[in-house]
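Note sheet for the following structure.
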Amino acid sequence: KTRSLLSVFEEDAGTLTEYTNQLLQAMQRVYGAQNEMCLATQQLSKQLLAYEKQHFALGKGDEEVISTLHYFSKVVDELNILHSELAKQLADTMVLPIIQFREKDLTEVSTLKDLFGLASNEHDVSMAKYSRLPKRKENEKLKAEVAKEVANARRKQHLSSLQYYCALNALQYRKRVAMMEPMLGYTRGQINFFKKGAEMFSKRMDSFLSSVSDMVQSIQGELDAEAEKMRVSQQDLIAVNESVYTPDSDVTSPAINRNLIQKAGYLNLRNKTGLVTTTWERLYFFTQGGNLMCQPRGAVAGGLIQDLDNCSVMAVDCEDRRYCFQITTPTGKAGITLQAESKKEYEEWICAINNISRQIYLTDNPEAAAIKLNQTALQAVTPITSFGKKHEVHHPSQNVKNMENDKIIPNESAGIQDSTQLIAPGTPIQFDIVLPATEFLDQNRGGRRANPFGESEDSSKDEEEDSLLQQMFIVRFLGSMAVQSDDTSEVIYEAMRQVLAARAIHNIFRMTESHLMVTSKNLRLIDPQTQVTRTSFELATVTQFAAHQDNRRLIGFVVHLSETLGEEAMSAYIFESNTEGEKICYAISLGKEIIEAQKDPEALAQLMKSVPLTSDGKFMLLNDQSEEDGTVREEGEESEA
């Protein structure tokens, strides 16, 4: 708003400068005409006197003409004196004030504008330098120096902007004085000229000129009062604490508003300039409804950058910069990458975009809806101090990542009756899957390795050769939790809701990427870097699986696990896939059908012939019959990741 209002004042100042130049040209023309009148009347008087010096061949009666011309010469001389006085008065009271207004006030505004531009450029340079501070190898001395440089640049920009704004405000008063004062001098000069010449117009113009003089004095008084008020405000603003100018001054405990449905401010936008090179541009961003807008400097209005409806936002590590986050489209395509200047701005932007993506701005009371949404999420999840209960009851054979920030349980008072029947209150949520210790030791001994193309080693090779189905999907683990029922897919939807709500409330943005291998035997999560199997689930133990109804990239399944005491427990695992979740569900369903059809070779062959090939990959049919059975492998049995 400030820059938009400033552009209006600058446009007004530019128009005033152009008009003042034109007005000055007109007044200089009047003054020049008056000077020319003086010279012309002087020349006329001389010419009248020179008549008698002419030797006319026919000069009869020239004496009367000469005497008359002598009289006219005296009259013209007297008029010439009046014209000279008028020309001098026009120069002092009409031309000089408008020249002083142009050279003093307008030039001052132009100079302050240039200083403000230089201060703004210095601030941009210092902010760019501050934004490039490394996050991993942070140098406190360098950070303090750069922060002080930013503070000095901001203070300098603030001072120059205050002086510039004061000059623009004062210009609104001075331009009215500058427009009327020259005409006041011009009119008085003409009246004095006519008073002395013919005593004309003086009586009826005195009252008008008096009122104009009073008006000028009144405006001058308002200007003095406004100038004093602006001076006091300027002193108050200059006296503020330096922390106001220091970026990220409250990094330890920033006051974060998580209920925002609109947000505006400066962010650094990442632009690709080549295959591996990027640049960062500091621009002004703001939200408007469900859109993220950007308004470059000098632009009349903002332009659309990203549609935020149904999108997702997460923190990312980008070029060793702090406070970076990325907006992803509903189709899963990576959108824009932005960088905030402080932790407070960083978290508020993420919360605001997350609120907007849920389209609560379309409700009758968006602010109340945002507050209620965050309160509901806070009631649904509460941090716990130990993960031992889940480790003992849920996954005794699986090594989990015991991190303090990844332990969250729902509040017992939250949720409705149906959700408590599906998932018990107090159920912990696990946000990460790590490599089990036994498999880590096997890996160091050169043991088991899983390969998506079926080229596994040792014991895993025989297992993969026995599998009639292999299909790989790239997934990211969101969370898992114990459930009480697997009768309906609603338990998966409820688990998705609680996991996503927990991540949003506690700002857990990291996700572990894995390769999900679906075979006719089991489901395996494979590390994409080492090809080590992180965890495996027998396909027969998967009792429910479903994709999210709105976000097609969310997939979940329920697994039956055997407890040490002979009891069974159920757990829901939630993932985000690069492809549609329905394709993963189809692969799991096909694997279960193969398990049922393996008892009948003819039914199995008929089933495999009906399997379609998709654009994301091919199902591979492996021969689990001996050559004595006469079964021949079908063509096109390769699998693509």
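FYI, it's all coordinate maths here, none of it is from the lab. On a predicted model such as this, the values are computed, not experimentally measured, just so you know. Note: ideal-geometry Cβ built from the backbone for every residue, glycine included; neighbour counts use all protein chains shown.
The table that follows gives values for the structure above.
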| item | result |
| --- | --- |
| The stretch 70-185 - percent relative contact order, Cα under 8 Å, separation 6 or more | 47 |
| Kirkwood hydrodynamic radius over Cα pairs of the stretch 1-201, then Stokes diffusion coefficient at 10 °C and 1.306 mPa s, in µm²/s | 71 |
| GluC sites (Glu not before Pro) lying in DSSP loop within the stretch 520-571, provided at most 15 other Cβ fall within 10 Å | Glu563, Glu567 |
| Mean Cα-pair separation over length for the stretch 1-201, i.e. relative contact order, pairs under 8 Å, 6 or more apart, % | 29 |
| Reciprocal of mean inverse Cα separation for the stretch 483-537 (Kirkwood radius, Å) | 13.6 |
| Peptides 266-274, 286-294 ordered by average Cβ neighbours within 10 Å, highest first | 286-294, 266-274 |
| Charge dipole (the stretch 1-201, unit charges on Cβ, about Cα centre) - positive-most of Tyr71, Leu118, Gly189 | Leu118 |
| Simple spin-label estimate for Val316 and Lys333 in nanometres, 7 Å along Cα-Cβ | 1.4 |
| Relative contact order (%) - the stretch 1-97, alpha-carbon pairs under 8 angstrom, separation at least six | 40 |
| Cross-link pairs Lys143/Lys344; Lys1/Lys129; Lys137/Lys344 - those with Cα-Cα distance over 20 Å | Lys1/Lys129; Lys137/Lys344 |
| FRET efficiency estimate (nearest 0.05) - Cβ-Cβ, Ser213 to Asp550, R0 51 angstrom | 0.10 |
| Residues whose placed amide H lies under 5 Å from that of Val483, excluding near-sequence neighbours | Met570, Ser571, Ala572 |
